[in-house]
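The values are calculated or read from the model by the stated rules, or taken from the named source; none is laboratory data. These figures come from a predicted structure and were not determined experimentally. Methodologically, a virtual Cβ is constructed for each residue, glycine included, from the backbone with ideal geometry; neighbour enumeration extends over all protein chains shown.
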There are 4 protein chains.
Amino acid sequence: MNKEAIKEKLKNQKIETPSWGYGDSGTRFKVFHQAGAARNVYEKIDDAAQVHKYTGVTPSVALHIPWDMVDDWKELKEYAGDKGLKIGAINPNLFQEEEYKLGSLTHPDADIRKKALDHMYECIEIMKQTGSKFLSLWLADGTNYPGQGDFRARKHRLEETLKEVYQELEDDMKILIEYKFFEPAFYSTDIGDWGMATFLAKKLGDKAKTLVDLGHHPLGTNIEQIVAFLIDEDKLGGFHFNNKKYADDDLTVGSINPYELFLIYNELVAGGADTDPDVAYMIDQSHNIKPKIEAMIQSVINIQEAYAKALLVDREALKEAQLKGDVVLAEETLLSAYRTDVRPLLESVREEMGLDPDPLKAYRDSGYAEKIAQERD
Amino acid sequence: MNKEAIKEKLKNQKIETPSWGYGDSGTRFKVFHQAGAARNVYEKIDDAAQVHKYTGVTPSVALHIPWDMVDDWKELKEYAGDKGLKIGAINPNLFQEEEYKLGSLTHPDADIRKKALDHMYECIEIMKQTGSKFLSLWLADGTNYPGQGDFRARKHRLEETLKEVYQELEDDMKILIEYKFFEPAFYSTDIGDWGMATFLAKKLGDKAKTLVDLGHHPLGTNIEQIVAFLIDEDKLGGFHFNNKKYADDDLTVGSINPYELFLIYNELVAGGADTDPDVAYMIDQSHNIKPKIEAMIQSVINIQEAYAKALLVDREALKEAQLKGDVVLAEETLLSAYRTDVRPLLESVREEMGLDPDPLKAYRDSGYAEKIAQERD
Amino acid sequence: MNKEAIKEKLKNQKIETPSWGYGDSGTRFKVFHQAGAARNVYEKIDDAAQVHKYTGVTPSVALHIPWDMVDDWKELKEYAGDKGLKIGAINPNLFQEEEYKLGSLTHPDADIRKKALDHMYECIEIMKQTGSKFLSLWLADGTNYPGQGDFRARKHRLEETLKEVYQELEDDMKILIEYKFFEPAFYSTDIGDWGMATFLAKKLGDKAKTLVDLGHHPLGTNIEQIVAFLIDEDKLGGFHFNNKKYADDDLTVGSINPYELFLIYNELVAGGADTDPDVAYMIDQSHNIKPKIEAMIQSVINIQEAYAKALLVDREALKEAQLKGDVVLAEETLLSAYRTDVRPLLESVREEMGLDPDPLKAYRDSGYAEKIAQERD
Amino acid sequence: MNKEAIKEKLKNQKIETPSWGYGDSGTRFKVFHQAGAARNVYEKIDDAAQVHKYTGVTPSVALHIPWDMVDDWKELKEYAGDKGLKIGAINPNLFQEEEYKLGSLTHPDADIRKKALDHMYECIEIMKQTGSKFLSLWLADGTNYPGQGDFRARKHRLEETLKEVYQELEDDMKILIEYKFFEPAFYSTDIGDWGMATFLAKKLGDKAKTLVDLGHHPLGTNIEQIVAFLIDEDKLGGFHFNNKKYADDDLTVGSINPYELFLIYNELVAGGADTDPDVAYMIDQSHNIKPKIEAMIQSVINIQEAYAKALLVDREALKEAQLKGDVVLAEETLLSAYRTDVRPLLESVREEMGLDPDPLKAYRDSGYAEKIAQERD
């Protein structure tokens, strides 16, 4: 790919940031308060707009219901629009009501399933009003002890309730089904891996896809292979970007193993998913000790670097080395791109987009952090 | 279930032992030779017959091709028959030819794929002659380094070659597709988890099922949930029983976490797979330091105990507790069965089958080990 | 060991329950409220007394400061005494102050280290008033990102501050140093494994020991070997009992791998630690969905079963088999004890202690749960 | 550090390659033969000399006894000298004799321990003749099943036998004690982690140090923290470099997570271990499918890159950010060095050393591979 084509792709990259990434968050032991942390959806949108202002590639923000509930969605959409943002994926919450202690969509009690379903319908309603195209479902349902639940009965309930949800989706909407190895359930999780999610998505139909959260796999899992598999099955719905060292640590994407992030982007580019508007590229992190907005900008930069390097891979040479069985040369072909310092390339992209070449520094220098620290506390 | 029904089920339990479990094996560092280790398929059948003689529940033996290759399969079948054994699953070997260094069924080179396919056809021919119903495929194909292979191209080749194999299967034959997290490939494995295996099995058709090897999962994986999922999808083809503490350790089944083995059997009983003749219950272990036949008898006993305890579970009470959301009671219902000492029950089953109540001691006392140690060395 | 000696040991077993196990707890996603959950330290002591009333082996309760802070410790000690309980280990809290976001005892800022030290001294003061012998330190300090901290500088600060704490301990007091693989720090933990904890304990002196929390290891870790190692080095300080399937899941002890719990007790009995009054046997679990008191009784029973089985091991036979290199016989010697149904033995122990043979049922029938649900909500 | 100082350090870097890395190797399933693989120690030295010829930083070769056994060590030393190489660490083999099935230095049988000890003495004798300074001990001893061994008895035997070995070391010799999480033992390993190794080293004395093999940890382990800890305790003896994705995969160092390799070097530079002649930097990989010499050159380059980047870290800025608690800035300080493309720097270093700037290509172009393929087969 020539340099101009690469720059064009980098300019068109789109990453969605999450509203909940701008508010206080923590571990089960402590939520540390940050000066200036956003206190409501409007402030979250303000902060997301800052990230977009300095990076130029985060034009939408994902919402979490009911955390981001408002009375007037039209007004919120306009508020975001004024800031240069669209409302992105809608994320239902099926884990914070007392009734959901033993499950929501998979709960043995039909009334509780009904309550969960109603919340899903409510989210679809919100999508219609906000123009959102993605219903992004993370289902925390699972069990903590052997015997607690009947695996097959829970599976049946899940298939049934999601079928109901699916029928409410409009033609251009998608449901993204997220999976997770464990937590908050510590014995079994009803959608425990990409296989369970994707079997479900297959049963539902074309509007159902699988969502890959980088922190939701057993240690060692080859995520890039799963991504390639999903692309090949036309079931890749999108990403929740973050990084892990141990479990679902929700650290800054690329902060523990940046090479893995590059290898994932290598598959996305190879499979054409990088330019597929039906794949949602979303960040989902929990910055407990880093300043929220800075951490988000850092994340965006890390993703940009991984994408830029993946675009630099000489795919002809790679394919040739693979077919010849030249393992060293094939690997070196990837490494040649990975070793490249893409900071100058990205700086030039940013300058052509009318942005500061160093978004992190520009944001730091802007005084915004100090301003919100004062205004919001 | 009343006691007589339980005993009846225990008498009808069938576990297949593997021919390769009777010969020398080891790690990459050393294969320790055991006095009396079987040196050919006839001696392996002799040893398998010993396990059946003392346990009464291992009436078949799985073969590995070409390790167990003979000129006259009819004669081998008769030899086994004379010892009271049937020939069980046929296991192709697609990992020990020099050509397979970079893959067999997924290799970029069509000639090598052809060689692998021919071996698969050869195995189906053997099945016809031995009356085997299961073609048990463990595919070692994978890559060691990023860039080495094209994930999607390898997937396509696998789907194509297995489609060819599938067409050669007779109506009452099944292909069991095994998956494995890693080893001998250390970056990616072409059939890396149950999801990849089962997507493949779905594409092939009803004669293709998934094979669960207990040692082939990431640490922490809830295997019993996967088993329940596969039963529900009618894709459970069978097991390779063993146990792991770290990776694919191939230890005696039940030796590291016997409760997990019980929980797996709990799902098998709950889902009716325990009495399904289409599910193959096979042992696949590598006893590097234990005497082979003793270790096999020990394994069979551990499986019998897990099954006996699973049969003792009060399923009405369990279901009731689950529906009420009584987590402690549901768990205690399982534990009540698990805590039971089922040795007396199994002893009485054995006596009613005309066997010694203590198979391990009976074998040890028989002098067989000393005899083969002398004869075979 | 003869049966009477075994029973005697079972009667003398002592397990400490934690005050925080009786209040509401949860995950980072949600703390589910339980009807009747204890709201203050007095209610926690009331509930701990219930566990002791039905099991007879939990005569002390661990406190967490400042969660259990009172003005008058003498009065609290008497309150507990009236309920038949002693105050056990004192647990400082160095993770819930805003200042501790980047560390407490290891913080770069001397003022914050001073604050943490003062809290430690305060806890020692409380120990003097409550007659507690164990200062049980879980240090959450660590880092989330590469570069965030200087490993060696943090190690130095930790050694220095703990030396100060150590000097304040009275002669019959002990500091128990807990280690943890990860969480809430997701890149590095300052006391990350038993090695780091025990090097520290060695440097401090005889009053410093290592505390083993069963959930604080990487998956696959052979905990019983670590326990044997610590016994041999005279550095085993005690336990935080719980069970994990994935990470620090804080599930009911024995609920995921009861055989592992037995193997740990097997080492305790073999090494004589089971009767060593200087080893603290404490429960530390987080029962998010099980009723607290029931779950605690269940935990105590599971520990009793593991201990009872460990006492049944024929140690002469085991040693003989080990020396002969008879791997199968050595393993079967352990299994023979493990397979025993020890419920009748424990029932008879309880009856001789004047207790109901079935503590869980007796507690359930007592109406206490209903009573506190009404009184406390 | 100024550029010249950095270049000086890079020129003085020394990495030892292992003789066994030039011969055929494999997994437990298959050893694939490579055309031209070295068949004896002389050919291994020839190949090691090639790596040094093109990289300039691998002036020594580690030997494995008895694999590399010769009658005349003086002659071998001269042979190596003529090729520009020194004999490096001597690696005893305590895992390939039939007697070692249940242990070597920890075996219950005193005769077998004696045999193992004699082998260790033999290796020390060889060290005297070859001028080697490091006795590099990887002890495979462990158990496969619960009950098989007595942990404390095995520990005692290990301490006793190593004490004997230690006494035979000359003043300028070191014993490097390697640890490993698992394999070939699958239940317990006698030196299972850095803690066990380092406690042993402490007991032995100053000539005993801990050897860190990058593949010998549980997944997720923060290796750089362990390295920093060992530096601080003056117990870092050296490295066996390789990389893992799952277990002890023995892949090319840096091939799975190059950032981790950089973080390890960051600690080495920060702690001054990079220039400490008492720390042994050794490669230990098993290239089953890559051409041996190419893979070794690739490994050396990856290590050079990690070191170069670590030297580029602005340590003043890092320290300042750490003390200020500026997590983002501290991380970015590391990333700034890591993102740098150090290929030009290394090319210039090589040119100043009189080497080809591209060692891999230069070797490929040299025709050596074709030559040995012809000569050795």
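Answer yes if at least one residue in region B:315-328 is surrounded by 24 or more Cβ atoms within 10 Å (Cβ to Cβ) and more than 14 Å from chain D (Cβ to nearest Cβ), and no otherwise.
In the first step, residues of region B:315-328 are kept if they are surrounded by 24 or more Cβ atoms within 10 Å (Cβ to Cβ); the result is B:327.
Imposing the further condition that a residue be more than 14 Å from chain D (Cβ to nearest Cβ) reduces the set to B:327.
Within region B:315-328, one or more residues are surrounded by 24 or more Cβ atoms within 10 Å (Cβ to Cβ) and more than 14 Å from chain D (Cβ to nearest Cβ).
Which of the residues that make up region C:73-101 are touching a residue at least 12 places away in the same chain (Cβ under 8 Å), basic (Lys, Arg) and surrounded by 14 or more Cβ atoms within 10 Å (Cβ to Cβ)?
Passing the criteria: C:77, C:83, C:86.
Can you find a residue in region C:144-163 that is within 22 Å of residue C:239 (Cβ to Cβ) and under 20 Å from the mean Cα position of the chain (by Cα)?
Residues of region C:144-163 within 22 Å of residue C:239 (Cβ to Cβ): C:162.
Remaining after also requiring under 20 Å from the mean Cα position of the chain (by Cα): none.
No, region C:144-163 contains no residue that is within 22 Å of residue C:239 (Cβ to Cβ) and under 20 Å from the mean Cα position of the chain (by Cα).
Looking at A:56, A:36 in this structure, which one is small (Gly, Ala, Ser) and at pLDDT 95 or above?
None of the other options fit; the residue is A:56.
Picking from C:125, C:183, C:160, which residue would you name as being modelled with pLDDT of 95 or more, surrounded by fewer than 23 Cβ atoms within 10 Å (Cβ to Cβ) and outside any helix (DSSP H, G or I)? Show your work before the answer.
Values: C:125 fails: outside any helix (DSSP H, G or I); C:160 fails: outside any helix (DSSP H, G or I).
The unique qualifying residue is C:183.
If a residue must be within 11 Å of chain B (Cβ to nearest Cβ) and either surrounded by fewer than 18 Cβ atoms within 10 Å (Cβ to Cβ) or in contact with a Cys (Cβ under 7 Å, 6 or more places away or on another chain) (or both), how many such residues does region C:344-377 contain?
Qualifying residue count for the region: 3.
Which condition number does residue B:216 fail, the rest of (1) without any contact (Cβ under 8 Å) to a residue 40 or more places away in the chain; (2) surrounded by fewer than 24 Cβ atoms within 10 Å (Cβ to Cβ); (3) in contact with a Lys or Arg (Cβ under 8 Å, 6 or more places away or on another chain); (4) more than 10 Å from chain A (Cβ to nearest Cβ) being met?
For residue B:216, the exception is condition (2).
Collect the residues in region D:128-146 that are outside any loop (DSSP other than H, G, I, E, B) and either among the acidic types (Asp, Glu) or under 24 Å from residue C:331 (Cα atoms) (or both), keeping them in residue-number order. If you could, list the steps in order and put the result at the bottom.
Going residue by residue through region D:128-146, those that are outside any loop (DSSP other than H, G, I, E, B) are D:128-130, D:134-137, D:142-143.
D:142, D:143 - these are the residues of region D:128-146 that are outside any loop (DSSP other than H, G, I, E, B) and either among the acidic types (Asp, Glu) or under 24 Å from residue C:331 (Cα atoms) (or both).
Assess whether residue B:36 counts as being surrounded by fewer than 17 Cβ atoms within 10 Å (Cβ to Cβ), of a type in the set (Gly, Ala, Ser) and touching a helix residue (DSSP H, G or I) at 6+ places or on another chain (Cβ under 7 Å). Full working, then the answer.
Details: surrounded by fewer than 17 Cβ atoms within 10 Å (Cβ to Cβ): no; of a type in the set (Gly, Ala, Ser): yes; touching a helix residue (DSSP H, G or I) at 6+ places or on another chain (Cβ under 7 Å): yes.
Against the criterion (surrounded by fewer than 17 Cβ atoms within 10 Å (Cβ to Cβ), of a type in the set (Gly, Ala, Ser) and touching a helix residue (DSSP H, G or I) at 6+ places or on another chain (Cβ under 7 Å)), residue B:36 does not qualify.
List pairs: first in region B:188-204 and more than 10 Å from chain A (Cβ to nearest Cβ), second small (Gly, Ala, Ser) and buried (at least 24 other Cβ atoms within 10 Å of the Cβ), Cβ under 9 Å, 6+ apart or cross-chain?
Filtered contacts from region B:188-204: B:191/B:142; B:191/B:197; B:200/B:208; B:201/B:208; B:201/B:237.
Give region D:106-118 a look and list any residue that's crowded, with 18+ Cβ neighbours inside 10 Å and closer than 15 Å to residue D:162 by Cβ, or say none.
Matches in region D:106-118: D:106, D:107, D:113, D:116, D:117.
Somewhere in region D:235-243, is a residue in a loop (DSSP other than H, G, I, E, B), modelled with pLDDT of 95 or more, within 12 Å of chain C (Cβ to nearest Cβ) and within 16 Å of residue D:176 (Cα to Cα)? Quick ask: steps written out before the conclusion?
Quick first cut of region D:235-243, residues in a loop (DSSP other than H, G, I, E, B) only: D:235, D:242.
Within this subset, residues satisfying the condition of being modelled with pLDDT of 95 or more are D:235, D:242.
Checking the rest, the ones that are also within 12 Å of chain C (Cβ to nearest Cβ) come to D:235.
Checking the rest, the ones that are also within 16 Å of residue D:176 (Cα to Cα) come to D:235.
Within region D:235-243, one or more residues are in a loop (DSSP other than H, G, I, E, B), modelled with pLDDT of 95 or more, within 12 Å of chain C (Cβ to nearest Cβ) and within 16 Å of residue D:176 (Cα to Cα).
When region D:299-314 is examined, which residues are found to be in contact with a Ser or Thr (Cβ under 6 Å, 6 or more places away or on another chain) and more than 14 Å from chain C (Cβ to nearest Cβ)?
Answer for region D:299-314, where residues must be in contact with a Ser or Thr (Cβ under 6 Å, 6 or more places away or on another chain) and more than 14 Å from chain C (Cβ to nearest Cβ): D:299, D:300.
Looking only at residues in region B:253-285 that are closer than 30 Å to residue D:96 by Cα and crowded, with 23+ Cβ neighbours inside 10 Å, which one is farthest from the other protein chains (Cβ to nearest Cβ)? Outline the logic, then answer.
Kept after step one, since they are closer than 30 Å to residue D:96 by Cα, are these residues of region B:253-285: B:253-257, B:283-285.
Then keep just the ones that are crowded, with 23+ Cβ neighbours inside 10 Å; that gives B:253-256, B:283-285.
Values: B:253: 12, B:254: 9, B:255: 6, B:256: 7, B:283: 16, B:284: 13, B:285: 11 Å.
Applying the filter and picking the extreme gives B:283.
Within region D:193-208, how many residues are surrounded by fewer than 22 Cβ atoms within 10 Å (Cβ to Cβ) and not in a helix (DSSP H, G or I)?
3
Somewhere in region D:99-106, is a residue part of a helix (DSSP H, G or I) and among the charged types (D, E, K, R)? Even if it seems obvious, please write down each step before you answer.
Of all residues in region D:99-106, those part of a helix (DSSP H, G or I) come to D:99-102.
The next check asks that each one be among the charged types (D, E, K, R); those that pass are D:99, D:101.
The answer is yes; a qualifying residue exists.
Residues B:306, B:321, B:317, B:310: which one is farther than 22 Å from residue C:334 by Cβ, assigned to a helix (DSSP H, G or I) and touching a Phe, Trp or Tyr at 6+ places or on another chain (Cβ under 6 Å)? Please lay out each step first, then the result.
Values: B:306 fails: farther than 22 Å from residue C:334 by Cβ; B:321 fails: touching a Phe, Trp or Tyr at 6+ places or on another chain (Cβ under 6 Å); B:317 fails: touching a Phe, Trp or Tyr at 6+ places or on another chain (Cβ under 6 Å).
Residue meeting the stated conditions: B:310.
Can you name the residue in region D:114-153 that is without any contact (Cβ under 8 Å) to a residue 12 or more places away in the chain and within 12 Å of another protein chain (Cβ to nearest Cβ) and, of all such residues, is farthest from residue D:93 (Cα to Cα)? Show your work before the answer.
Restricting attention to region D:114-153, the residues satisfying the condition of being without any contact (Cβ under 8 Å) to a residue 12 or more places away in the chain are D:114, D:118, D:125, D:147, D:150, D:152.
If we keep only those that are within 12 Å of another protein chain (Cβ to nearest Cβ) as well, we get D:147, D:150, D:152.
Numbers: D:147: 26, D:150: 23, D:152: 24 Å.
Selected residue: D:147.
Could we say that residue C:89 is under 23 Å from residue C:303 (Cα atoms), touching a Phe, Trp or Tyr at 6+ places or on another chain (Cβ under 6 Å) and of a type in the set (Gly, Ala, Ser) here?
Values: under 23 Å from residue C:303 (Cα atoms): yes; touching a Phe, Trp or Tyr at 6+ places or on another chain (Cβ under 6 Å): yes; of a type in the set (Gly, Ala, Ser): yes.
Answer is yes for this residue.
Output yes when any residue across region C:273-284 is touching a Gly at 6+ places or on another chain (Cβ under 9 Å) and either assigned to a helix (DSSP H, G or I) or within 30 Å of residue B:34 (Cβ to Cβ) (or both), and no when none is. Spell out how you get there, then give the answer.
Looking only at region C:273-284, we keep the residues that are touching a Gly at 6+ places or on another chain (Cβ under 9 Å), and these are C:278-284.
Of the ones still in play, those that are also either assigned to a helix (DSSP H, G or I) or within 30 Å of residue B:34 (Cβ to Cβ) (or both) are none.
Looking for residues that are touching a Gly at 6+ places or on another chain (Cβ under 9 Å) and either assigned to a helix (DSSP H, G or I) or within 30 Å of residue B:34 (Cβ to Cβ) (or both), one finds none in region C:273-284, hence no.
Could you grab me the full set of residues in region A:330-359 that are more than 25 Å from residue A:49 (Cα to Cα) and free of Cβ contacts under 8 Å to residues at least 12 places away in the same chain?
Those that are more than 25 Å from residue A:49 (Cα to Cα) and free of Cβ contacts under 8 Å to residues at least 12 places away in the same chain: A:331, A:332, A:335, A:339, A:341.
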